[in-house]
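Engineer: Just dropping this structure here.
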Amino acid sequence: QVQLVESGGGLVQPGGSLRLSCAASGSIRSVYAMGWYRQAPGKKRESGATISNSGSTTYADAVKGRFTISSNNTKNTVYLQMNSLKPEDTAVYYCNADLKRWGSITRSNYWGQGTQVTVSS
């Protein structure tokens, strides 16, 4: 079994900052990439930022320059530092991991349960 546990969401005023964390645990052989996705009410889930095991990052245009993704490969943990938050950043943020389990020959995607981020005055 593999679990992804997120933390760090909450309520913040516009212009404020939050830091999300996500730790993957369980029968993990290799992690190839991790990322953060978000889903606002009534909208589809969209990519926010991803990071590969080599450190390559991608960002959605909506968060570029404000959010920073980082990881600790030895702990299978990914972080998302969110600065200059806007009301339109309000969403449930989901952690994702692209990994291979012990005993498996294929890679699989796993999701966390989501953490709510609300940006409001």
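The values are calculated or read from the model by the stated rules, or taken from the named source; none is laboratory data. All figures in this text were calculated on a predicted structure; none of them were measured in a lab. To get the accessible areas, we keep the full protein, side chains included, count just its heavy atoms, and leave off ligands, DNA and RNA. Shrake-Rupley method; radii C 1.70, N 1.55, O 1.52, S 1.80 Å.
Engineer: In Å², and per residue, what accessible area does the chain have when probed at 1.4 Å with the other protein chains present?
Structural biologist: 54 Å²
Engineer: How large is ³J(HN,Hα), in whole Hz, for each residue of the range 12-19 in order, when computed from phi with the Karplus curve 6.51 cos²θ - 1.76 cosθ + 1.60 and θ = phi - 60°, using x for Gly and Pro?
Structural biologist: Each residue's phi maps through the Karplus curve to give 9, 7, x, x, x, 10, 9, 10 Hz.
Engineer: Ok, one more. Reachable lysines from K64, Cα under 22 Å, same-chain residues fewer than 8 places away excluded?
Structural biologist: Cα-Cα hits under 22 Å: K43, K44, K86.
Engineer: In whole Å and largest first, what semi-axes does the C-alpha gyration tensor of the range 60-121 yield when each eigenvalue is scaled by 5 and square-rooted?
Structural biologist: The equivalent ellipsoid of the range 60-121 has semi-axes of 28, 13, 10 Å.
Engineer: Counting pairs of alpha carbon atoms under 8 Å apart in space and at least six apart in sequence, what relative contact order in percent does the range 1-52 give?
Structural biologist: Answer for the range 1-52 is 29 percent.
Engineer: Also, quick follow-up: Rounded to the nearest percent, how much of the accessible area of the chain (1.4 Å probe, protein heavy atoms only) is carbon and sulfur?
Structural biologist: The C+S portion of the solvent-accessible surface of the chain is 47 percent.
Engineer: Okay, next question. Taking amide H positions as placed 1.01 Å from N in the peptide plane, with prolines and chain starts having none, which residues 5 or more places from G9, or on another chain, fall under 5 Å of its amide H?
Structural biologist: For G9, whose amide H was placed from the backbone, there are no distant partners under 5 Å.
Engineer: Would you mind calculating the gained length between I105 and Y32 on full extension (0.36 nm times residue separation, minus the Cα-Cα distance), in nm to one decimal?
Structural biologist: Separation in residues times 0.36 nm, less the Cα-Cα distance, equals 24.9 nm.
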